[in-house]
Every structure is written in structure tokens, then in C-alpha cells.
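Values quoted throughout were computed directly from the atomic coordinates according to the rules given, and no laboratory measurement underlies them. Because the structure is a prediction, the values reported are computed rather than measured. Heads up, the Cβs are rebuilt from the backbone with ideal geometry, glycines too, and the neighbour counts pull from every protein chain shown.
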Amino acid sequence: MPLGESFLSTLRSNKAIMLDKTKRFRKTKGTFGDITKEIIFDYHNATPQELELFKNQLKKVNRIRIVKAFIITIIILAILVILFVEHVNL
């Protein structure tokens, strides 16, 4: 079974040379992007009213992100459709 042994050897060597991505994630303190833009909240000592306010703030931020992503997607699709139609008409 040289083929099977070769396959396992290749897998082991590839795994050994892969980058350790967990260390890079730990350096960012669990977030991607700019930490100053994120909402920082200490939820351990929060009252129920503060938690409700924080939840509403997060929903608002997420809604804004979704709308921005949707608008950007629509703009990109419109540009692609226009370019495709112009290309077909030539």
C-alpha cells in the first residue's frame, strides 16, 4: 500500500507547515477590524434596562450594516448588468 502511505505522509507534512491561525486570532482579542469602532459594554454588572438598551443598539448597528451591504450589492449588480448589456450590444 505505498499509495495510502504516501497520501498520509503528504497530509501530515501539509498539516505541519500550515500556519497556526489560532494565535493570530488571539492577538486581535477576538475581534476583526478597528476595536474603537465597536461598542464596548460590561454586561456582567448591567441592569436589565441597560441590557435591553444595549440589545437595541446592537440591532440598530446590525440593521445599518445589512442595509449598507444590500445597497453595495445592488450597485455592483447594476454595474455588472450595464456592462454586460453594453458588451452584448457591441
- request: Tell me the label-point distance for the pair residue 62, residue 81, using the 7 Å Cα-to-Cβ offset, in nm and rounded to one decimal.
  value: 2.9 nm
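If R0 is 35 Å, what FRET efficiency do you get for residue 52 and residue 72 from their C-beta distance, rounded to 0.05? Present the calculation step by step, with values, prior to reporting the outcome.
On the way: r = 31 Å, r/R0 = 0.88.
Between residue 52 and residue 72 the formula returns 0.70.
Taking the square root of 5 times each eigenvalue of the Cα gyration tensor, what semi-axes in Å does the equivalent ellipsoid of segment 41-90 have, largest first? Don't jump to the answer; show the numbers that get you there.
Details: eigenvalues 405, 9, 3 Å².
Sorted largest first and rounded, they come to 45, 7, 4 Å.
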